[in-house]
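Quick notes on the structure that follows.
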Amino acid sequence: MAGSVGPRFYSCCNCRNNVALHDDVISKTFQGKHGRAFLFSHAMNLVIGEKENRQLITGLHTVADVSCCDCLEVVGWKYVRAFEVSQKYKEGKFVLEKWKIICE
């Protein structure tokens, strides 16, 4: 079909492997380790690392770093557990750092 547009993806900045859909962005106002980051409801083509407790701006969370499955570039983390009730909405979601992904 002429003029049709498919879904927009976010890709790994290193190898251009698709890692998330634009439609799955929940927030673009998150803070990553190195600047702005996006919160996604889902992500794909990632390797999930070991769980660890990490003190973040919003409190203590259990997180796991996530890497591109093709080049193993760490692109963000997955929230596994939030210890504070107000942060429970993050559980199971992904933070991808803006400087590690490209919108295509």
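The values are calculated or read from the model by the stated rules, or taken from the named source; none is laboratory data. What you are looking at is a predicted structure, and each value in this text was computed from that prediction instead of being measured. Reconstructed Cβ throughout: ideal geometry from the backbone, glycine too, with neighbour counts over all protein chains shown. With ligands, DNA and RNA removed, areas are computed over all heavy atoms of the protein, side chains included. Shrake-Rupley method; radii C 1.70, N 1.55, O 1.52, S 1.80 Å.
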- Find how much the distance from residue 26 to residue 83 grows on full extension, using 0.36 nm per residue of separation minus their present alpha carbon separation; answer in nm with one decimal. 18.5 nm
- Whole-percent carbon and sulfur contribution to the accessible surface of the chain (1.4 Å, no ligands, DNA or RNA) stands at 52
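Tell me which chymotrypsin sites (Phe, Trp or Tyr not before Pro) from the range 1-84 have a DSSP coil assignment and no more than 15 other beta carbons within 10 Å of their own.
Sparse-neighbourhood loop chymotrypsin sites (Phe, Trp or Tyr not before Pro): 83.
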- Task: Tell me the label-point distance for the pair residue 14, residue 104, using the 7 Å Cα-to-Cβ offset, in nm and rounded to one decimal.
- Result: 1.6
- Message: Once R0 is set to 30 Å, what does the formula 1/(1 + (r/R0)^6) return for the Cβ-Cβ distance between residue 5 and residue 70, expressed as a FRET efficiency to the nearest 0.05?
- Response: 0.75
- Could you give me the percent of Cα pairs per 5 Å distance bin for the chain, shortest bin first, beginning at zero and ending with the bin that holds the maximum distance? 3, 14, 24, 25, 17, 10, 5, 2, 1, 1
- Item | Heavy-atom accessible area order for 51, 90, largest first, 1.4 Å probe | 51, 90
- Give, in nm to one decimal, the length gained when the segment between residue 45 and residue 33 is fully stretched (0.36 nm per residue of separation minus the Cα-Cα distance). 2.2 nm
- Dividing the mean separation of Cα pairs under 8 Å (6+ apart) by the residue count of the chain yields a relative contact order in percent of 29
- Task: Please get the size of the charge dipole for the chain, origin at its Cα centre, with Cβ charges of +1 on Lys and Arg and -1 on Asp and Glu, quoted in debye to the nearest 20.
- Result: 260
- Query: How much accessible area per residue does the chain have, in Å², with a 1.4 Å probe?
  - Reply: 57
